[in-house]
Amino acid sequence: MDVALASQTTPRLINLTADDRFVPTEVLRRSYIHYPESQNPSAPPFVTLEGEGLELGIVHSDVPEIARGVSSLLTRSLEDAKDQHGGHLPARIVERVQLDIISPHGVAHLWGTEGHRFVLSRAVDRTTSEMVATMLVARRKGTIFFFTGRYNNVRHSTIEETVDFDQPAGTNPEQKWFAQFAFPKPIDFKPLAFHHIANFVVAKEHRGKRLSRVFLDALLAKYARDRMVACGNPIEHSQFLLCGRGFWQIGDPPWLVRMERLGFELRWGAESFFIEHDWARLPAIHDEQGHAISNLDYNRTFRLPERYQGTAPDRPSPFHLTQRVPEVIRLSQDPRAKLQYFQAMFHFT
Ligand SMILES: CC(C)(COP(=O)(O)OP(=O)(O)OC[C@H]1O[C@@H](n2cnc3c(N)ncnc32)[C@H](O)[C@@H]1OP(=O)(O)O)[C@@H](O)C(=O)NCCC(=O)NCCS
């Protein structure tokens, strides 16, 4: 498709159009990816969830109607993260993501090219489907969808060569971009063999009905190879299988509680922090009542450092960064450091 046509059909705009999640069923069915080397090549390129009235499949994310629908699900969900709506992010940060990452154009052409875009849908009538949830799962186990706002689709195995850790933040060569963050060491940044996931969202109209559990259960039972082998499940579709050990998430702090409820496990010691400088001030933070709070108060909201004091992981695991826990405790007590992300994992078996 030429560039001009693509920008009309999958525009770079903030898509708050709720009805975009309704698509012609025929378009949805056409957008499912058929994997010619599937072990069940004559099966349909999607699965139906018996008893739930739902359908699940991996779509081509550059089909315009699909890109717009997914963009609408993600954009409307992220709108609630704005601090003016009681969320944890300044409006300008939310709007940058809504425009650059999850606009129809972003969904079709940014991370979508490196990920399996799963769409869970239900039939509204004989010709219309409603997209009710979505998740993006990295195709390759080594892909990291984002690494600060300056890098997308980084390969973990070559991160040290691809990422310029010495680059300036702006025009002053003394002020370094990466001085604004505290991350785990690049080699430890991602647990090996886990698929990065992003954009895991249930439509606002369908929250609180256990759909996210149905969605995750279906992903595991019908797409996660190791789980399917362990349970003796047949391959019911002609799409890709996920061959990694599990899912890996870089999550905003408020998401941890809900991801833990869904069976995700905190990756110990893998938190990242913003580091404030005179030349790089962080936006003011407000609590849910709108009062200004410090970085330390913010960190404490997410039980840092308490969650790491006098405790050990429930399950010992080579994927935790226990040796970095003292550093996380130190950072969470540094007035210049503000928790940016936690990491979480979900094991397929
Ligand atoms: C998180 C999300 C996917 C959950 O979907 P859902 O279908 O509404 O959730 P369910 O009804 O299946 O609930 C699943 C569990 O999560 C818990 N949960 C859901 N939303 C929660 C929230 N905002 N805070 C705390 N727990 C929450 C539920 O209590 C439930 O746990 P329980 O069964 O032990 O009580 C959905 O709320 C959403 O899209 N949120 C916005 C985007 C987001 O935060 N995505 C996650 C990170 S990518």
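Taken together, the values in this text are just the output of simple stated rules run on the coordinates, not laboratory data. Every value quoted in this text rests on a predicted model; they were computed, and no experiment measured them. Cβ atoms come from the backbone with ideal geometry, glycine included; neighbour counts cover every protein chain shown.
Odds and ends about this structure:
- Added length on full extension, which subtracts the Cα-Cα distance from 0.36 nm per residue, His85 to Val257: 60.0 nm
- Shape of the range 190-278, Cα gyration tensor, a/c cut at 1.5: oblate
- The range 239-303-the range 94-152 distance, computed between alpha-carbon centres (Å): 20
- Ordering Gln340, Ala108, Ile14 by Cα displacement along the dipole of the chain toward the positive end leaves Gln340 in first place; charges were set at the Cβ atoms of Lys, Arg (+1) and Asp, Glu (-1).
- Calculated SAXS-style log₁₀ I(q)/I(0) at q = 0.14, 0.19, 0.21 Å⁻¹ - the range 1-95, Debye, Cα scatterers: -0.70, -0.99, -1.07
- With helices as the sole contributors, the chain gives -7000 deg cm²/dmol at 222 nm; each DSSP H run of n ≥ 4 counts as -39500 (n - 2.57), and the sum is divided by every residue.
- Rel. contact order, % - alpha carbon contacts under 8 angstrom, at least six apart, the chain: 18
- Segment Arg30-Leu16, extension gain: residue separation times 0.36 nm, minus the distance between their alpha carbons: 2.6 nm
- Dipole check for the chain: with +1 at the C-beta of Lys and Arg, -1 at the C-beta of Asp and Glu, and the Cα centre as origin, the magnitude is about 540 Debye.
- Model label sites at Asp278 and Phe165, defined 7 Å from Cα along the beta-carbon direction, differ in position by 2.7 nm.
- Entries in Lys176/Lys338; Lys82/Lys338; Lys82/Lys204; Lys141/Lys185; Lys141/Lys204; Lys190/Lys222 that, when Cα-Cα distance is taken, lie over 21 Å: Lys141/Lys204; Lys190/Lys222
- Positive end of the dipole of the chain (Cβ unit charges, origin at the Cα centre): among Thr48, Gly208, Val63, the Cα lying farthest that way belongs to Thr48.
- DSSP-assigned coil residues among GluC sites (Glu not before Pro) in the range 33-91, each with at most 12 further Cβ atoms within 10 Å: Glu37, Glu50
- Kirkwood Rh (inverse of mean 1/r, distinct Cα pairs), the range 132-223, angstrom: 15.7
- Cut-off 16 Å (backbone N to label point 7 Å along Cα→Cβ of Arg330), residues of the range 176-191: 181-185
- Residue-span extension gain [Ala193 to Phe181] - 0.36 nm each, minus C-alpha spacing: 1.8 nm
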